[in-house]
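Values quoted throughout were computed directly from the atomic coordinates according to the rules given, and no laboratory measurement underlies them. What you are looking at is a predicted structure, and each value in this text was computed from that prediction instead of being measured. Here the Cβ positions follow ideal geometry from the backbone for every residue, glycine too, while neighbour counts run over all protein chains shown.
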Amino acid sequence: MNILSRARTFAGLLGAMLCAGQAFALNAGDTADNFRLNDQTGKSHELYYLSDMKAVVLMVQSNDCAASDAAIPKLNKLRDDYQARGVTVLMLNSAQSRESVLKATQASTNVPILIDELRLIGESLNATQAGEALVIDPQGWKVAYRGPVEAEGASYAKDAVDALLAGAPVKTSKAAMKGCAVMLPELGKRNAHAKISYVKTIAPMLEEKCVTCHRAGGIGPWQMTSYEMIRGFAPMIREVVRTQRMPPWHADPHYGVFNHDRSLSEEQAKALVHWIEAGAPRGEGADPLLSQKNDWPEWVGGQPDLIVEIPAFEVPATGTIEYQNPIVKNTTGRDVWVSAVAFNPTERSVVHHILAYATRATGNVSGAAALRDTYLAGYVPGGDIVRFPPQTGVFVPKDMNFRFQVHYTAAGKTATDATKVGLYFMDAPPKYPLRQMVLLDPFLKIPANTKEHRIVAPPRTFDRDVLIYTLTAHSHYRGIASKYVARYPDGREEILLNVPKYDFNWQTAYELKEPKLLPKGTTLIYDTVYDNSSQNKANPDPNIEVRWGEQSWQEMIYGNVRYRFVDEEVGALKTAPSQEAPPF
């Protein structure tokens, strides 16, 4: 689709948004746009994922609201009676903060409460009255009914659900609602949103969060080179922000603070969506995207101390490609401590990931032999350089060579990649050796046609105090969520990282802003949830039981942890520290 076609699409979308005036008005027969939100347990929910359901009931919930509280037992019954018949029941809270929702007594319900902290979803649904229910038909996402769950003896929501199940028209599509007011301060402020500056607010935001990938030579599918491009893609931008697909950052912000956070801040997300919904006005001033830099450096960390060239590999247009494991000679001639590793693929579109090791092997490495290799760092899309934490490093003796595991994926056309890897050395040994460990279960089994299958990797209990630096969650196409939990010696548990919407296309290493101290006796637990159903659009085949394997159509549970022992210093070491480097 060219820019002109996108502009026409955007004009149609904008017209639909504005047809009711300055505020959204989602009435019976109107289409509910897709969105994704987390519930009170940290689980992620996407509206359009529920396309296999017969009906979706979404009730506006608010703490300390009599109308909302009174409707909850009715929702519980609706869920209990209809869940097995393909009806999903949810609640939406756009009124209170997440903390307030968690503190409120919700023991009376097991219905997920979707927490709309930015209030963008509440605005688009015009969710201004607590206790009001929307019954949505997943066949087209039209609102079939809007109003109270029940009123004056009439079971409006249940009747609408029964009609959808029977394939019959909904007799009552709207009923008067007397609920508690839900304050959505930005609702109806379209004129104010039209004054959000593209030049001062929107373009700088995109340069900060998006242009690194959406540029010439970047991994983004299109380039953010001008206002015209942004306006043409505006409906898509709104959708991917509302469904949390972009920017690609999947950590739950309520657990842990991480470096290199690619997500939009709350204010940025609201400004961007409101600006688009107000028509994406150009405004005055020179377009910052027209003058953005195009001279991106070959090495973002400066010239490396050693450049290792991975042998060129021709990636076919289609088919399964075995992992490549080339070994390249170490030419340093001396022992070194590595402080950072940079990756420079020549064909980023076909490189899914690269793992770099130091090895004494001279040929094929697999199984237990790979465990003796020293793990250095990994490349994933969007991450060009891995810098080790201050005062830490990884030791590579002069008699070890370099091994690389390269996962290529076919991209529809033949391509040749010749990745270069840059190593940065320390002038003197660091104070602390950096270690790595993995939590995995190579005996995993995922049943066929199963939407949610949880696997817990065998946990690890530390026999010394440790500092955790980085947590990485890895699975394949069926992985949908992962979590790290620390269970302390006194029995308390703390979530260190929650990834409620895992995306195989982005293998993010979550580097803690402040290292996490885990005292001796702490157990680290890592689990992943898999969706081996046809609702998982990335699933290669929902009809088979899935087991462990390297290929993307197989599966893994693989938790990579970078850490150090608190009481271990380089000067006291007699041998190089463990780097646990399994061959995957």
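Observations on the structure shown:
- Charge dipole (debye, nearest 20) of region 435-568; +1 at Cβ of Lys and Arg, -1 at Cβ of Asp and Glu: 80 debye
- Applying the Karplus relation 6.51 cos²θ - 1.76 cosθ + 1.60 with θ = phi - 60° to region 499-515 yields 3J(HN,Hα) values of 10, x, 9, 6, 10, 4, 6, 10, 9, 6, 9, 8, 8, 5, 4, 10, x Hz, where x marks Gly and Pro.
- As a calculated quantity, the FRET efficiency between Met183 and Ile307 at R0 = 51 Å, using C-beta atoms, amounts to about 0.30.
- Partner lysines whose Cα lies under 21 Å from the Cα of Lys420, excluding those fewer than 8 positions away in the same chain, are identified as Lys329, Lys398.
- The local environment of Lys483, defined by Cβ-Cβ distances under 13 Å, has a net charge of 0 under the rule Lys, Arg +1 and Asp, Glu -1.
- Placing unit charges on each Cβ (+1 for Lys and Arg, -1 for Asp and Glu) gives region 430-584 a dipole about its Cα centre, and among Gln436, Thr528, Ile446 the Cα reaching farthest toward its positive end belongs to Gln436.
- Note on Asp52 and Val199: the extension gain reaches 48.7 nm, defined as 0.36 nm multiplied by sequence separation minus the Cα-Cα distance.
- Straight-line cross-link partners of Lys270 among the lysines, defined as a Cα under 17 Å from its Cα and at least 8 positions apart when in the same chain: Lys189, Lys195, Lys200, Lys209.
- About the centre of its Cα atoms, region 456-510 shows a dipole size close to 200 debye [charges on the beta carbon of Lys, Arg (+1) and Asp, Glu (-1) only; nearest 20 debye].
- Restricting region 199-287 to trypsin sites (Lys or Arg not before Pro) that sit in a DSSP loop and have at most 15 other Cβ atoms within 10 Å of their own Cβ leaves Arg282.
- Beyond 23 Å in Cα-Cα separation lie the following of the pairs Lys445/Lys501; Lys74/Lys537; Lys74/Lys174: Lys74/Lys537.
- For a straight C-alpha distance cut-off of 25 angstrom, the lysines reachable from Lys520 (same-chain residues fewer than eight places away being disregarded) are Lys431, Lys483, Lys574.
- For the chain, alpha-carbon Rg over 2.2 N^0.38 Å: 1.06
- When the Cα positions of Gly147, Leu120, Thr88 are compared along the charge dipole of the chain, Gly147 comes out farthest toward the positive end, with charges on each C-beta of Lys, Arg, Asp and Glu.
- Gain in span if fully extended, Arg360 to Trp296, counting 0.36 nm per residue against the direct Cα distance: 19.5 nm
- Distances between placed amide hydrogens fall under 5 Å for Phe258 paired with Lys513, all partners being 5 or more residues away or on another chain.
- Rounded to the nearest 20, the size of the Cβ-charge dipole of the chain about its Cα centre is 320 debye, with Lys and Arg at +1 and Asp and Glu at -1.
- Phi angles across region 82-95 convert, under the Karplus curve 6.51 cos²θ - 1.76 cosθ + 1.60 with θ = phi - 60°, into 3J(HN,Hα) values of 10, 4, 6, 9, x, 10, 9, 10, 9, 10, 10, 10, 10, 9 Hz, Gly and Pro given as x.
- Length added when fully stretched, Ser534-Glu494, from 0.36 nm per residue minus Cα-Cα: 11.1 nm
- Phi to ³J(HN,Hα) by Karplus 6.51 cos²θ - 1.76 cosθ + 1.60 over region 32-47, Hz, x for Gly, Pro: 8, 6, 5, 7, 9, 9, 8, 9, 5, 9, x, 7, 8, 10, 10, 4
- Here the calculated FRET efficiency for Asn27 and Leu102, from their Cβ-Cβ distance with R0 = 22 Å, stands at 0.10, rounded to the nearest 0.05.
- Qualifying GluC sites (Glu not before Pro) in region 284-330, DSSP loop, other Cβ atoms within 10 Å at most 15: Glu284, Glu298, Glu322
- Calculated [222 nm] ellipticity per residue, helices only, for the chain: -4500 deg cm²/dmol; basis is -39500 (n - 2.57) per DSSP H run with n ≥ 4, divided by all residues, nearest 500.
- Cα gyration tensor category, rounded, prolate or oblate, for region 306-431 with a/c compared to 1.5: prolate
- Neighbour-count ranking [beta-carbon atoms within 10 angstrom, fewest first] of Trp296, Trp249: Trp296, Trp249
- Alpha carbon centroid spacing (whole Å) that separates region 148-201 from region 498-575: 40 Å
- Low-density loop cleavage sites - trypsin sites (Lys or Arg not before Pro) in region 83-174, where at most 16 other Cβ are within 10 Å (DSSP): Lys171
- For Phe258, neighbours were defined as the other residues whose beta-carbon sits under 12 Å from its Cβ, and their charges (Lys and Arg +1, Asp and Glu -1) total -1.
- Thr225, Thr374 arranged by Cβ crowding within 10 Å, fewest neighbours leading: Thr225, Thr374
- Working from label points 7 Å from Cα in the Cα-to-Cβ sense, the Glu228 to Ala66 distance is 6.0 nm.
- For the chain, with +1 on Lys and Arg beta carbons and -1 on Asp and Glu, the positive-most of Leu26, His254, Leu134 along the dipole: Leu26
- Each Lys or Arg adds one and each Asp or Glu takes one away; over the other residues whose Cβ falls under 13 Å from the Cβ of Asn344, this sums to -3.
- A simple spin-label model places pseudo-atoms 7 Å from Cα toward Cβ; at Asp287 and Lys142 they are separated by 3.9 nm.
- Between the amide H of Tyr502 and those of Ala481, Ser482, distances stay under 5 Å, these residues lying 5 or more places away or on another chain, with hydrogens modeled in the peptide plane.
- Least to most buried among Val338, Val60, Val211 (fewest other Cβ within 10 Å first): Val211, Val338, Val60
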